[in-house]
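S.K.: My questions will all concern the structure given below.
The values are calculated or read from the model by the stated rules, or taken from the named source; none is laboratory data. These numbers were taken from a predicted model, which means no experiment stands behind them. Glycine also receives a Cβ, built like all others from the backbone with ideal geometry; neighbour counts cover every protein chain displayed. Heads up: the accessible areas ignore ligands, DNA and RNA and are worked out on the full protein's heavy atoms, side chains in. Shrake-Rupley method; radii C 1.70, N 1.55, O 1.52, S 1.80 Å.
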Amino acid sequence: MIYEIDSIKGNLERNVPIITQIMVALEKKYEVSVICSKCDIKLFDLLEKKGAKIYCSSHNTFGTSIIKKVSDWYGVRKNFKEILHRIYTNRDILYIGSVDTALAMGKEIMKYPYILHIRELYDTHPIYLKLMRPFAQSAKVVIIPEYSRAAILKCWLNLKKTPVVIPNKTYDHPRKRNIKIYNYDLNRMINSLSDKKILLYQGHIGRDRGIKELIGSLMKNLDDNYVLVLMGQNHDGFVEELISKYPRVYHINHVPAPFHLQITSHAYIGLVTYDDSNLNNIFCAPNKIYEYSGFGIPILGRDIPGLKYTIGNNNAGLCVDITNENEVQQALREIDKNYNFYSENASKFFEDTDLEKLFGRIMKEFD
């Protein structure tokens, strides 16, 4: 029997791609131990019921200042290593859930057989790219969530093999529309909008993602039948600015994964957009396109490669110039007019990504 140990710096519930890998491994009957900084109690209970063992270091030093970041890395290195040494056996495979985790744990991890999951492109962080190179080169398997990123990082990191592409698809997806929302206040809010068509944006809500441009184009002359719901963490008072400027805008704060999907299931159209501030955005790999499409929710996104060659090419929605009000409004009318066409293609897009098959490809490297 092979065991998988998944380690992730940070709160586990904020790392949907890693939750997916844990779920797939459990479904494939691997014994899974998870080392993380923290884990939401609901997710903790869910994973434990499925058979995972969760080890939280709880060193509690999250923050944005340099001192807190250094303290966080020290906490990960000290506590993760202590847990790892206690539970690891020579039958185990170490799954490193992020570059941050690898760097925090240090070169000692190179003595283990391990998988490295690189979730960002880091094109604006040259020091990170330099530091991560030996960890990527020593990994048995490198996982990247998007095809173009895999080719780019193979070149930048001087890897012998192209990384395995595993899209950020949600594994344990309920697939059923309008599911019950167990949070009383959120259920009450969504029920109050039951006669409206919900345009849903989920993710971090800040000025650096092109949200302002998309919302500006959407809200001009928007039909009264539509409302906009923003679900995610509010940065720098941006939500308040949007609500004060536009009618029919609602905000839901961050809901831990996978329970946020209860809200997602009530959306009519899902929104996705990123700005041009880096290549990581242009070659985006959002898990939200799978969260939307799993419910058959058509997607309206910005015309960039990471979205055009996924949702666009699969007719799971439309990719447009978000600064062009006419184009955005026309796309909205097109999806509304041919809703079943885009909804069915969204579901097919979701189903065509076989996570278990991709997981099997990874594990063959350890045969």
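S.K.: Can you list residues whose amide H is under 5 Å from residue 250's amide H, if they're 5+ apart or on another chain and H is modeled 1.01 Å from N?
M.R.: Excluding prolines and chain starts, which carry no amide H, the hits are 228, 229, 230.
S.K.: Treat each spin label as a single point 7 Å out from the Cα along the C-beta direction, and report the residue 361 to residue 108 distance in nm.
M.R.: With each label placed 7 Å out from Cα toward Cβ, I get 3.4 nm.
S.K.: Using only the Cα atoms of the range 268-357, what are the Rg and Dmax in Å?
M.R.: Looking at the range 268-357, its Cα Rg and Dmax stand at 12.5, 42 Å.
S.K.: Given H placed on each backbone N at 1.01 Å, which residues far from residue 338 in sequence or on other chains put an amide H within less than 5 Å of it?
M.R.: Those qualifying (amide H under 5 Å, at least 5 residues apart or on another chain) number zero.
S.K.: Enumerate by residue number the trypsin sites (Lys or Arg not before Pro) in the range 94-160 meeting two conditions: DSSP loop (anything except H, G, I, E, B), and at most 10 other Cβ atoms within 10 Å of the site's Cβ. Mind dumping the intermediate values first?
M.R.: Details: sites: 107, 111, 119, 130, 140, 149, 154, 160; in loops: 119, 140, 160.
Passing sites in the range 94-160 are 160.
S.K.: Defining a contact as two alpha carbons under 8 Å apart and six or more residues distant in sequence, what relative contact order in percent does the chain show?
M.R.: Numbers: 652 pairs, mean separation 51.0, N = 367.
Averaging sequence separation for qualifying contacts and normalising by length gives 14 percent for the chain.
S.K.: Another question, if that's okay. Tell me the carbon and sulfur percent of the accessible area for the chain, rounded to whole percent, probe radius 1.4 Å.
M.R.: 48
S.K.: Taking amide hydrogens as modeled 1.01 Å from N in the peptide plane, which residues meet the under 5 Å criterion relative to residue 316, leaving out close sequence neighbours?
M.R.: none
S.K.: Scan (i) 1.00; (ii) 1.58; (iii) 1.04 for the value of Cα Rg over 2.2 N^0.38 Å calculated from this model and give just the label.
M.R.: Among (i) 1.00; (ii) 1.58; (iii) 1.04, the one calculated here is (i).
S.K.: Sticking with this one: Keeping every protein chain in place, order 155, 284, 39 by accessible area at 1.4 Å, biggest value first, i.e. largest first.
M.R.: From most accessible down to least: 155, 39, 284.
S.K.: Across the range 346-358, in residue order, what do the Karplus-derived ³J(HN,Hα) couplings come to in whole Hz, using 6.51 cos²θ - 1.76 cosθ + 1.60 with θ = phi - 60° and x for Gly and Pro?
M.R.: For the range 346-358, the Karplus curve yields 5, 4, 5, 4, 4, 5, 6, 8, 9, 5, 5, 5, 5 Hz.
S.K.: Same structure, new question: Read phi for every residue in the range 140-150 and hand back ³J(HN,Hα) as whole Hz from Karplus 6.51 cos²θ - 1.76 cosθ + 1.60, θ = phi - 60°, with x for Gly and Pro.
M.R.: Coupling constants for the range 140-150: 5, 9, 10, 10, 10, x, 8, 4, 5, 4, 4 Hz.
S.K.: Another question, then. For the chain, what does the helix formula give at 222 nm: sum of -39500 (n - 2.57) over DSSP H segments with n ≥ 4, over the residue count, nearest 500 deg cm²/dmol?
M.R.: -12000 deg cm²/dmol
S.K.: Could you give the length gained on full extension between residue 131 and residue 176, defined as 0.36 nm per residue of separation minus the Cα-Cα distance, in nm?
M.R.: So the extension gain works out to 11.9 nm.
S.K.: Between the alpha-carbon centers of the range 130-146 and the range 268-304, tell me the distance in whole angstrom.
M.R.: 25
S.K.: In nm, give the distance between the simple-model label positions of residue 28 and residue 236, each being 7 Å from the Cα along the Cα-to-Cβ direction.
M.R.: Placing both labels 7 Å along Cα→Cβ, they lie 4.1 nm apart.
S.K.: Now for a separate question. Excluding ligands, DNA and RNA, what is the solvent-accessible area per residue of the chain at a probe of 1.4 Å, expressed in Å²?
M.R.: Values: 17060 Å² over 367 residues.
With the other protein chains kept in place, the chain gives 46 Å² per residue.
S.K.: Mean 1/r over all different Cα pairs, inverted: what Kirkwood radius does the range 33-105 give, in Å?
M.R.: 13.2
S.K.: Mind listing the phi-derived Karplus ³J(HN,Hα) values for the range 77-90, rounded to whole Hz, using 6.51, -1.76 and 1.60 with θ = phi - 60°, and x for any glycine or proline?
M.R.: 4, 5, 6, 5, 5, 4, 5, 4, 4, 6, 10, 6, 10, 6
S.K.: Here's a follow-up. Which of rounded, prolate, oblate describes the range 171-285, given a ≥ b ≥ c as roots of the alpha-carbon gyration tensor eigenvalues and a/c under 1.5 marking rounded, otherwise prolate only if a/b is larger than b/c?
M.R.: oblate
S.K.: Mind giving me the FRET efficiency for residue 192 and residue 353? R0 is 41 Å, r the Cβ-Cβ distance, nearest 0.05 is fine.
M.R.: 0.75
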